[in-house]
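Input: a single structure, listed below in structure tokens.
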Amino acid sequence: MFLSTSNYLLQILSPSSLQAEEDLSLNPDNFAAWWTHIHSTRARLEAAEKDAEVELAENDEKDTAENSGASAECVVLGPLRSKEARLGLQTLTSLYERALEIFPTSFKLWKSYILTRQRYVLGPSVLAGTKKQKSVKRKLDVTELLQEIKDAADWEGGLDGGVGFEEWKALIATGERMVSWLPNLPMAWHYHLLPLLHPLCPAPLSRTYARRTFDRALRSLAPSLHGKVWALYLRWAEIRGGEAGRRVWRRFLKVDPSLTPHYLTTPLPSPLERSKLLLSLARQAQAGTYTPVDGQSAYQLFVEWLERVEANADEVGMDWDEVERARAEAASSSGTNAQADADGTADQDGGASVNGKLMRIDGPMRPANTVAPSAVANGKKKEPTQQQQQKKEIYDSATDPSSDVKLDVEQIVMKDGLEVFKDQAGRLWTGLATFWIQKGEFDRAKYSFETGLGSVLTIRDFTQIFDAFTEFSETLISSLMESLAAEDEEDEDDKEGMEQELDSAMQEFEELMDKRPFLVNEVLLRRNGNDVVEWEKRVALYGQDDEKIIETYNKAISTINPRKAPTALSPLYINFAKFYENGGSSDPSSESGEGKNEKDLKSAREVFERAVRVPFVSVDELAEVWCEWAEMEVRNENYDEAIRVMQRATTAPKNLKISYHDETLTVQQRLFKSLKLWSFYVDLEESIGSVESTKEVYDRIMELKIANAQIIVNYAAFLEENKYFEESFKVYERGIDLFAFPIAFELWNIYLSKFVKRYGGTKLERTRDLFEQALEKCPDNLCKPLFLMFAQLEEEHGLAKRAMAIYDRATRAVKSEDKFEMFTIYIAKAAANFGLPATRPIYARAIEVLPDGQTAQMCLRFANLERKLGEIDRARAIYAHASQFCDPRIHKAFWTEWNAFEIDTGSEDTFREMLRIKRAVQAAFNTEGSYLAAQVAAARLGKTNTTASSSSNPANEDGGAGEDPMAALEGAGAAGGPSFVAATKKTGTEATTALPENEGPAANPDEIEMDEDDF
């Protein structure tokens, strides 16, 4: 393979290197001269190698075209396939070896030498010379280094390990010499160990030797520099695989478990080891000692572990028989250890320990129950401190990847899953059942499904488990049916057994589907056992099963906390009592819906007795129970018993000053002030009691001061029906004393109307006194009906003059919104009783009192009255007075009526005066802020408002009349007449002729539009 010595000397002693060799012979300790000579020689050889490579590449193309492939020599020799490359290797090796004899501790020289030899043996690196490769020097983190080693340890080609074994040995020997001179430099070990990752590295070097060399590197370097070695070591373990690779990874993970996720992505770990590592990560994430890089939560890691267990159930989990044995052994061991601790005879020499703390050497751990000899002094056992107790770790084979013990999946799911992730119980239970299905333990899978259905707290989890359970049952039935169909020719006994199994599976499936409503109800009751509605639904689910119904009611009563029930609890007791009253559940054959059994009033009373002692949230619930109890007695015609029940319920304590709303007292103490209870008692007495007993109950309500207005009205109506009129009126008066306005107003209204109906005018003075009392404190917004009733009384039974005085008082007392209506009634009554002239002072006062908007309306009525009486001047004065409140753009009806009035009764002067007033009023509104309000009001009416009343072309409105009538009147009366603002300086005819074609006269913004009919 190599050249002879004579030929080699002829090649290396080129004319260009003679001068350098002569200088080195004279000054061999000059490192710079050696370095320059090596680099110049390497550059010359690399140029020759490139030329040779080009020639070989052309020959390879020809060989590839002729032989359909590259030559075997090129493939085997790799970088040394050319004569020039082999010559270059020998030349550079000679130079480096001579230099290293003088500078054996120069890392720079060793690095250049080892990289040069690697280039000729390993081939060029894919990432040679990149920044990524150089950054390996500056990093110590194993995670980053491992990723970069994966990219760096990638070569193109290389020398075959069999043919070039000697050259590989020489390369490794060179590395050994380098690390022997530089044992504490991590990069020296890096360059020495890197060739061991090459895929063409011979087996004697890449396996046992490599493993021992990596171990030697770890022992030689400081712990802080182990990262660079571990990155190569772990990569080597991934490439070589097998048990050795797994052991290397386990060693590293004991020191630094942060690379556990990366290890799980490799094909190295077995399914059991992978599951144990995932479980360990999930536990660490839950404890907060591990944070996943990809942001996974502890639950996601645990579900990933569960999915791995489901997929590899046989390799990972124990069978049920193995689980039982393991648990029995653990229980036995636990009992033995407890007994030994109690006797003080715990094993003290069974394991290696330091200060009582178990040391892990290798292999499975033993329980940490040993005590160091130093911990026992003078026959007394030294107790560990709290800090030592917290740091004490108990060995668990479930997280030991080196252990071959399979996992107790059920126990892990219970402890690490269901106890921690309670909101994800559905997924965990279905995962556990799926594991048992994969193991073939169908009975255990059914048990898991049933246990899950009986423990989940949400409908979501229930639905998830139930759907998986039904799917499993359907699959099992289908498999049995297929197996049964395929075994037609098999033994009859086997076939019969399979048929029985199929029948049993189908029966279980039907029972499961039938139980679904009950299971859903159980889920809701487990979530909230105080939900009264769900307990009622459960009772309804049992239908005709009386025993189950009674059991459910009793269980509900014993379970529900009255203070925590979201809805009223009393209906549960009431329905339970009605169940006994009706004789159990209804008989389907009975059309009336009667119970199947005889009525059991005794049991119903017992239920009510239990109910009245329950500390309900509100008094109304307790009152409802008492009322229902009394109603039950009434329905069964036990009237005396019903009265006794109500008397019991309404028994008052000695202290009557108890507040009904005092939450610190029990509902039983506050029950006697329940108006609901007393109202029912009163109704019961009215129905089956006497008048005297009913009056006593009403009087008791009044004494307790719990009566409302309805009670007062009912009491008075009851007395009135029984002809106790005066007593009924006294009840009204007592009620009025109890309540203030506005409730008193309703009582006064009923009281006065009944009193007037009863006595009319026979007790007029008493009636007047009652009205005066009612009006004395009555607010202005409620007194109107009382005034009208009072005035009507005077009109019918008293004096008209008194009636007018009452109406006059009413116009002063009622609120502003009702005054206009009150004046209207007053005027109508005055006109009916005293004639139209008598209404004049009323109109005058109304105009003074009413607001502006209603004053104008009242003025119109007043003006019409004067016109009827023939007082034209008085009517005109009223119109003039009202005009100040009426904007011509809004109140057009007023000005239309005044216009019609002047046309009918006025003269030209009065009409002109009306127009002047109209113009003045409009000008007044134009100068005020109401101008904008007028425009808005007009816009709401859908009419167009402009600042000028007349359009630019009046002929459009007057049917061709080109002259404004107002302008004509003003022109006619300009001399000596009232001063008006002229609409135009010219007459209509002149203005029309003077304007250009298609243009009207100039518009005046103050001009008022008038029709000819207005004259």
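The values are calculated or read from the model by the stated rules, or taken from the named source; none is laboratory data. The shown structure was predicted, so the numbers you read here are calculated from the model rather than taken from an experiment. Here Cβ is always computed from backbone atoms with ideal geometry, including for glycine, and neighbour counts include all displayed protein chains. Please note that ligands, DNA and RNA were not included when accessible areas were found on the heavy atoms of the full protein model with its side chains. Shrake-Rupley method; radii C 1.70, N 1.55, O 1.52, S 1.80 Å.
Results, tabulated for the structure shown:
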item: Residue in segment 95-110 that is modelled with pLDDT of 80 or more, among the basic types (Lys, Arg), assigned by the TED database to the domain that holds GLY164 and farther than 27 Å from GLU166 by Cβ present; result: yes
item: Residues of segment 198-220 satisfying the condition of being more than 19 Å from GLY161 (Cβ to Cβ) and open to solvent by 10 Å² or more (accessible area, probe 1.4 Å); result: ASP215, ARG216, LEU218, ARG219, SER220
item: Matching residues in segment 884-897 - criterion: being modelled with pLDDT of 85 or more and either charged (D, E, K, R) or surrounded by 20 or more Cβ atoms within 10 Å (Cβ to Cβ) (or both); result: TRP895, GLU897
item: Verdict on GLY157 being within 17 Å of ARG212 (Cβ to Cβ) and not β-branched (Val, Ile, Thr); result: no
item: Hits in segment 829-860 - residues which are more than 20 Å from PHE901 (Cα to Cα) and of a type in the set (S, T, N, Q); result: ASN833, THR839, GLN854
item: Every residue from segment 242-269 that is hydroxyl-bearing (Ser, Thr, Tyr) and surrounded by 16 or more Cβ atoms within 10 Å (Cβ to Cβ); result: THR260, TYR263
item: Residue tally, condition within 26 Å of SER816 (Cβ to Cβ) and surrounded by 20 or more Cβ atoms within 10 Å (Cβ to Cβ), over segment 866-883; result: 4
item: Subset tally (residues that are among the aliphatic types (A, V, I, L, M), touching a residue at least 24 places away in the same chain (Cβ under 8 Å) and either in contact with a helix residue (DSSP H, G or I) (Cβ under 6 Å, 6 or more places away or on another chain) or more than 30 Å from GLU167 (Cα to Cα) (or both)) for segment 240-259; result: 3
item: Residue count, segment 833-846 (criterion: part of a helix (DSSP H, G or I) and open to solvent by less than 30 Å² (accessible area, probe 1.4 Å)); result: 4
item: Among (1) modelled with pLDDT of 90 or more; (2) farther than 18 Å from ALA313 by Cβ; (3) not hydroxyl-bearing (Ser, Thr, Tyr), the one test that MET498 misses; result: (1)
item: Residue satisfying all of: in segment 587-604; open to solvent by 60 Å² or more (accessible area, probe 1.4 Å) and among the small types (Gly, Ala, Ser); modelled with the lowest pLDDT among these; result: SER592
item: Unique match (being within 17 Å of VAL523 (Cα to Cα) and in contact (Cβ under 8 Å) with a residue 60 or more places away in the chain) among VAL456, VAL420; result: VAL456
item: Selection within segment 866-878 - touching a helix residue (DSSP H, G or I) at 6+ places or on another chain (Cβ under 6 Å) and touching a residue at least 24 places away in the same chain (Cβ under 8 Å); result: ARG867, ILE872, ALA875
item: Selection count, segment 516-573, where residues are under 20 Å from VAL617 (Cα atoms) and buried (at least 16 other Cβ atoms within 10 Å of the Cβ); result: 19
item: Scope segment 741-783; condition open to solvent by 70 Å² or more (accessible area, probe 1.4 Å) and either under 28 Å from GLU817 (Cα atoms) or touching a Pro at 6+ places or on another chain (Cβ under 7 Å) (or both); matching residues; result: PRO742, ILE743, GLU746, ASP769, GLU772, GLN773, GLU776, LYS777, ASP780, ASN781
item: Per-region count, segment 175-197, residues aromatic (Phe, Trp, Tyr) and either open to solvent by 20 Å² or more (accessible area, probe 1.4 Å) or assigned to a loop (DSSP other than H, G, I, E, B) (or both); result: 2
item: Residue within segment 222-241 that is farther than 25 Å from LEU182 by Cβ and charged (D, E, K, R) present; result: yes
item: Within segment 270-282, considering residues that are open to solvent by 20 Å² or more (accessible area, probe 1.4 Å) and either at pLDDT 90 or above or of a type outside the set (D, E, K, R) (or both), the one farthest from GLY417 (Cα to Cα); result: SER270
item: Of residues in segment 393-436 being of a type in the set (A, V, I, L, M, F, W, C) and open to solvent by 20 Å² or more (accessible area, probe 1.4 Å), the one nearest to the chain's Cα centre (by Cα); result: PHE421
item: Single residue of segment 815-827 satisfying the filter (crowded, with 21+ Cβ neighbours inside 10 Å and closer than 28 Å to ARG758 by Cα) that is farthest from the chain's Cα centre (by Cα); result: TYR826
item: Test: ALA830 is surrounded by 14 or more Cβ atoms within 10 Å (Cβ to Cβ) and either farther than 30 Å from SER907 by Cβ or without any contact (Cβ under 8 Å) to a residue 12 or more places away in the chain (or both); result: yes
item: Segment 696-712, subset crowded, with 19+ Cβ neighbours inside 10 Å and over 52 Å from the mean Cα position of the chain (by Cα), residue nearest to LYS723 (Cα to Cα); result: TYR698
item: Selected residue (criterion: nearest to PHE103 (Cα to Cα)) from residues of segment 15-36 that are among the aliphatic types (A, V, I, L, M) and open to solvent by 80 Å² or more (accessible area, probe 1.4 Å); result: LEU26
item: Residue match in segment 879-887 (condition: in contact (Cβ under 8 Å) with a residue 40 or more places away in the chain and under 60 Å from the mean Cα position of the chain (by Cα)); result: no
